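The values are calculated or read from the model by the stated rules, or taken from the named source; none is laboratory data. For clarity, every value in this text was computed on a predicted model and none was experimentally measured. So basically every Cβ, Gly included, is an ideal-geometry build from the backbone, and we count neighbours across all protein chains shown. For the accessible areas, the whole protein counts, side chains as well, though only heavy atoms, and no ligand, DNA or RNA atoms are used. Shrake-Rupley method; radii C 1.70, N 1.55, O 1.52, S 1.80 Å.
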Amino acid sequence: MLPTEIAVRPATREDAEFLVRGNAEMALETEQLSLDMDRLRSGVGAVFDDPARGFYLIAEEDGSRVGQMMITYEWSDWRDGVFWWIQSVYTVPEARRRGVFRALYTHAEALVREQPGVCGLRLYVETHNGRAQETYRRCGMRETAYRMFEVDKVLPGRG
């Protein structure tokens, strides 16, 4: 089978249910979490309601949705710029290992280069997810010296 091109585009409200399902599957696969679907649906919708929260990208192969990525924003006073955080990454199982993440990442990286005031890309990854970490390294990302801490009022007791 010949490889097909993966196209990346901004998500629209018509993609919301795909995004909700992808987020739910990703949480179950990576963290064994069953998310509240009504809360998740509201959270995805909130990004479309307020673009200051971020935006989603959709990867398509042969016209079918195969992956997703959300970008959110963090101000860095040290850099006088905004980091774009990569979140909610998901690739449907049948499209894995075919460059879906790389296509999403390459698209996001190109957008960063076009945007004055954006100082870089960041993401966090589960410490045990070695496959994902290797993928990120192959895309040119490097591990930082930071560890993440949180207080989670919605999904307590994780970690």
* Asked: Regarding the stretch 28-107, what are the three Cα extents along the principal axes, ordered largest first, in Å?
  -> 41, 31, 25
* Asked: Each residue of the stretch 16-28 in order: what ³J(HN,Hα) in whole Hz does its phi give by Karplus 6.51 cos²θ - 1.76 cosθ + 1.60, θ = phi - 60°, with x for Gly and Pro?
  -> 4, 5, 4, 5, 4, 4, x, 5, 5, 5, 4, 4, 5
* What is the gain in length, in nm to one decimal, between Tyr73 and Glu109 on full extension, counting 0.36 nm per residue of separation less the C-alpha to C-alpha distance? -> 11.5 nm
* Asked: How much accessible area per residue does the chain have, in Å², with a 1.4 Å probe?
  -> 66 Å²
* Scan the stretch 7-114 for chymotrypsin sites (Phe, Trp or Tyr not before Pro) in coil per DSSP, keeping those whose Cβ has at most 16 other Cβ atoms within 10 Å, and list them by number. => Trp78
* For the chain, calculate the relative contact order in percent as a whole number, restricting contacts to Cα pairs under 8 Å that are 6 or more residues apart. => 20 percent
* To do: Find the eigenvalues of the gyration tensor of the Cα atoms of the stretch 90-159, then list the square roots of 5 times those eigenvalues as equivalent ellipsoid semi-axes, largest first, in whole angstrom.
  => 23, 19, 13
* Asked: So which GluC sites (Glu not before Pro) in the stretch 90-159 end up in coil per DSSP with only 11 or fewer other C-beta atoms within 10 Å?
  -> Glu126, Glu143, Glu150
* Would you calculate the separation in nanometres between label points at Arg21 and Arg147, each defined as 7 Å from the Cα along the Cα-to-beta-carbon direction? => 3.9 nm
* With springs only between Cα atoms under 10 Å apart, run a GNM on the chain and tell me which of Arg102, Arg53, Arg122 wobbles the most. => Arg53
* Sorted from largest down, give the three principal axis spans of the alpha carbons of the stretch 7-64, whole angstrom values. => 30, 28, 15
* Asked: Build a GNM of the chain with springs between Cα atoms under 10 Å: which of Arg41, Arg79, Arg21 gets the top mean-square fluctuation?
  -> Arg79
* Asked: Met141's amide H: which non-local residues (gap 5+, or another chain) put their own amide H closer than 5 Å, with H modeled 1.01 Å from N in plane and none for Pro or chain starts?
  -> none
* Structure fact -> Convex hull around the C-alpha positions of the chain: the volume in Å³ per residue is 138 Å³
* **Helix-only mean residue ellipticity at 222 nm for the chain, each DSSP H run of n ≥ 4 adding -39500 (n - 2.57), per residue, nearest 500** => -10500 deg cm²/dmol
* On the protein heavy atoms, probe 1.4 angstrom, tell me the percent of accessible surface of the chain carried by carbon and sulfur. => 51 percent
